[in-house]
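A short write-up of the structure that comes next.
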Amino acid sequence: MNVRLIAVTNPLFEIQNEKLDPEGLIAYCARVSSPHQENLDYEKLLAYCIKHRHWSIFEMVDMTVEIITSRAISPQILRHRSFVFQEFSQRYAKVQRFETYTPRRQDDKNRQHSLDDLDESDKAWFGEAQDEIRALSEQKYNEALEKGIAKECARMLLPLNTQTKLYMKGSVRSWIHYIEVRTDMSTQKEHRDIAEDVKKIFISLFPVTSSALGWA
Ligand SMILES: Cc1cc2nc3c(=O)[nH]c(=O)nc-3n(C[C@H](O)[C@H](O)[C@H](O)COP(=O)(O)OP(=O)(O)OC[C@H]3O[C@@H](n4cnc5c(N)ncnc54)[C@H](O)[C@@H]3O)c2cc1C
């Protein structure tokens, strides 16, 4: 799995001698104006807020994940501007690894779509092409570093499948919309796989919200 849970907001107080979970905290904050703020039952409340698009309550809890992917996919992830990120710096550190991908056929009708029906021989050709490019670019990259060329310049010799690592932190609200958009078939498969992994983590941490969204 290339996605790992790093952190989630946890409340530091108890209600009726019970420690709140992150969803309990969302509900507690949502009930700020209610005389029943200490109500520990929040299933209907969260479902109501989702139904009526009262999204801001889901901004009270954050989740951070670690994602390992390629430099082809990370710019798509970084476009989700409501999140905050830290990404591996190719200016500061030497690149160590490359991702290997299985190709798909270009869809004739939709320019941003691909189909998984390529011949095995074309898949094998693509695999060999990746190996060749990786070997050459890695060799030239290492040669450039040995010549004292700065990492920020040497990296120009690297392909888009160069591996990268990111930390991505956002509110439950942002994660809901990220998962909706990036598990959709319109998203590139390599990014969709990441979003599906994020979704599994999200469902385990936020089962009531996930159920109200029809995910669990
Ligand atoms: C299939 C696909 C193709 C793309 N093609 C291009 C392209 O060709 N060129 C390009 O520059 N970019 C492209 N993008 C990127 C896209 O335009 C956005 O920049 C990217 O998806 C980030 O989304 P966002 O701005 O909503 O950021 P986010 O951080 O995901 O969302 C911003 C805020 O909006 C809220 N929000 C989002 N959706 C909802 C909702 N439904 N209801 C309520 N609140 C919501 C979030 O909670 C968050 O607070 C593409 C994206 C996709 C999925």
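The values are calculated or read from the model by the stated rules, or taken from the named source; none is laboratory data. It should be emphasised that the depicted structure is a prediction, and the values quoted were computed from it without experimental measurement. Positions of Cβ are generated from backbone atoms using ideal geometry, with glycine treated the same way; all protein chains shown enter the neighbour counts.
Observations
- Residue in region 29-40 that is exposed (fewer than 14 other Cβ atoms within 10 Å of the Cβ) and of a type in the set (Val, Ile, Thr) present: yes
- Candidate set: region 149-185, residues that are under 11 Å from the mean Cα position of the chain (by Cα) and hydrophobic (A, V, I, L, M, F, W, C); chosen: the one farthest from the ligand (Cβ to nearest atom): Leu166
To keep it simple, each residue is scored yes or no on (1) outside the structural domain of His52 (by TED's automatic domain parsing); (2) out of contact with any Lys or Arg (no Cβ under 7 Å at 6 or more places or on another chain); (3) β-branched (Val, Ile, Thr); (4) free of Cβ contacts under 8 Å to residues at least 12 places away in the same chain.
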residue: Arg71; (1), (2), (3), (4): yes, yes, no, no
residue: Gln96; (1), (2), (3), (4): yes, yes, no, no
residue: Thr100; (1), (2), (3), (4): yes, yes, yes, no
residue: Arg105; (1), (2), (3), (4): yes, yes, no, no
residue: Arg111; (1), (2), (3), (4): yes, yes, no, yes
residue: Glu120; (1), (2), (3), (4): yes, yes, no, yes
residue: Trp125; (1), (2), (3), (4): yes, yes, no, yes
residue: Lys147; (1), (2), (3), (4): yes, yes, no, yes
residue: Ile176; (1), (2), (3), (4): no, yes, yes, no
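- Of everything in region 129-176 that is of a type in the set (Val, Ile, Thr) and within 26 Å of Asp197 (Cβ to Cβ), the residue that is surrounded by the most Cβ atoms within 10 Å (Cβ to Cβ) is Val172.
- Residues that are in contact with an Asp or Glu (Cβ under 6 Å, 6 or more places away or on another chain) and outside any helix (DSSP H, G or I), drawn from region 184-213: Phe206
- Any hit, region 60-70, residues being within 16 Å of the ligand (Cβ to nearest atom), at pLDDT 95 or above and closer than 30 Å to Ala150 by Cβ: yes
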